[in-house]
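Asks: The structure's right below; bear with me while I get my questions together.
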Amino acid sequence: MSRTEAALRGLIFPRKCVLCHCLLEPQEPRLCPRCAAAVPEPISGARRGSYYQRWVSALWYVDAVRSSFGRYKFGGCSFYAREYGPLLAKAIETRLGTDYGLLTFVPINGLRRRRRGYDQGQLLAEQAAARLGLQLCSTLKKRRRKPQSKALNAAERRKNVQNAFWVWNPAAVQGKRVLLIDDVLTTGATVSEAARVLLAAGAKSVDVATLAVTPMAERRAD
Ligand SMILES: [Zn+2]
């Protein structure tokens, strides 16, 4: 791209911070200095009574992070995964380590994926796997459900995700320590159900890493 083309592109598609959406110079990183400085220490915990053992998240799911996720999931901003990747990889490396035989992800269902053009969890998993030198393998498939007309409480969410997933290639997970990637940890019902079917398929253990965690989910962690 010539400098003129780059300048024109900058006018049409101004470069913005992936989190706070402030305007950036064309050569600046896509995470502005203010947002980069505000990234918290990785947030982590151990779950009792869930099928996964440990979890870690890179960001709090509040304010600018929520808006950023909206653009990532529903606004076509799939390239955000490249900026989220280092944050997720650092959180995993710091709190969970990299002793995993397999890295996999919570998928969206096939129809949604075709409409959206990408699976946001898979893109995050690709970033984490590449940065941590882990083997990435798609293992879970998601069944289609009727869309929900209202927000669900924790018990309703747990019921709603029962049997939501199946493992299409159990041989890939057998005997492996599995690291499961998802975008947001809320009640933990989704990742717990995904972990349950991974264990049933023969995984040795399942830990969870998400890009963000809701404050409510963190309080419930222990
Ligand atoms: Zn920013």
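The values are calculated or read from the model by the stated rules, or taken from the named source; none is laboratory data. Nothing here was measured: the structure is a model prediction, and the numbers come from that model. All Cβ positions, even for glycine, are placed from backbone atoms using ideal geometry, and neighbour counts span all protein chains on display.
Asks: Is it fair to say Val39 is surrounded by 11 or more Cβ atoms within 10 Å (Cβ to Cβ), at pLDDT 95 or above, closer than 23 Å to Thr98 by Cα and within 14 Å of the ligand (Cβ to nearest atom)? Lay out the reasoning, then the answer.
Replies: Working: surrounded by 11 or more Cβ atoms within 10 Å (Cβ to Cβ): yes; at pLDDT 95 or above: yes; closer than 23 Å to Thr98 by Cα: yes; within 14 Å of the ligand (Cβ to nearest atom): yes.
Answer is yes for this residue.
Asks: So is Arg143 within 22 Å of Arg54 (Cβ to Cβ) and at pLDDT below 90 or not?
Replies: Working: within 22 Å of Arg54 (Cβ to Cβ): no; at pLDDT below 90: yes.
Judged against the criteria, Arg143 is not a match.
Asks: Free of Cβ contacts under 8 Å to residues at least 12 places away in the same chain and under 26 Å from Ala201 (Cα atoms): which single residue out of Gly45, Gly49 fits that description?
Replies: Details: Gly45 fails: free of Cβ contacts under 8 Å to residues at least 12 places away in the same chain.
After ruling out the rest, the residue left standing is Gly49.
Asks: Still on this model: From the list Thr98, Thr94, exactly one residue is touching a residue at least 24 places away in the same chain (Cβ under 8 Å), under 19 Å from Ile43 (Cα atoms), among the hydroxyl-bearing types (Ser, Thr, Tyr) and touching an Asp or Glu at 6+ places or on another chain (Cβ under 9 Å). Which is it? First the steps, then the outcome.
Replies: Values: Thr98 fails: touching an Asp or Glu at 6+ places or on another chain (Cβ under 9 Å).
Just one listed residue meets the conditions, Thr94.
Asks: Of all residues in the range 12-60, which are hydroxyl-bearing (Ser, Thr, Tyr) and outside any loop (DSSP other than H, G, I, E, B)?
Replies: Looking only at the range 12-60, we keep the residues that are hydroxyl-bearing (Ser, Thr, Tyr), and these are 44, 50-52, 57.
Ser44, Ser57 - these are the residues of the range 12-60 that are hydroxyl-bearing (Ser, Thr, Tyr) and outside any loop (DSSP other than H, G, I, E, B).
Asks: Take the residues in the range 150-188 that are over 21 Å from Ala212 (Cα atoms) and crowded, with 17+ Cβ neighbours inside 10 Å, then tell me which one is modelled with the lowest pLDDT.
Replies: Here is the first cut: in the range 150-188, the ones over 21 Å from Ala212 (Cα atoms) are 150, 155-156, 159-160, 162-177.
Keeping just the survivors that are crowded, with 17+ Cβ neighbours inside 10 Å gives 164-165, 167, 172-173, 176.
Values: Ala164: 91, Phe165: 96, Val167: 97, Ala172: 97, Val173: 97, Lys176: 98.
Selected residue: Ala164.
Asks: If Val191 satisfies all but one of (1) touching a residue at least 40 places away in the same chain (Cβ under 8 Å); (2) crowded, with 16+ Cβ neighbours inside 10 Å; (3) closer than 19 Å to Gly70 by Cα, what's the number of the condition it fails?
Replies: (3)
Asks: One residue is enough: does the range 11-30 have a residue meeting the conditions at pLDDT 95 or above, within 16 Å of the ligand (Cβ to nearest atom) and under 14 Å from the mean Cα position of the chain (by Cα)?
Replies: No, there is no match, as no residue in the range 11-30 is at pLDDT 95 or above, within 16 Å of the ligand (Cβ to nearest atom) and under 14 Å from the mean Cα position of the chain (by Cα).
Asks: Within 16 Å of Gln127 (Cβ to Cβ), among the acidic types (Asp, Glu) and not in a loop (DSSP other than H, G, I, E, B): is that true of Glu93 in this structure?
Replies: Values: within 16 Å of Gln127 (Cβ to Cβ): yes; among the acidic types (Asp, Glu): yes; not in a loop (DSSP other than H, G, I, E, B): yes.
Spelling it out, Glu93 is indeed within 16 Å of Gln127 (Cβ to Cβ), among the acidic types (Asp, Glu) and not in a loop (DSSP other than H, G, I, E, B).
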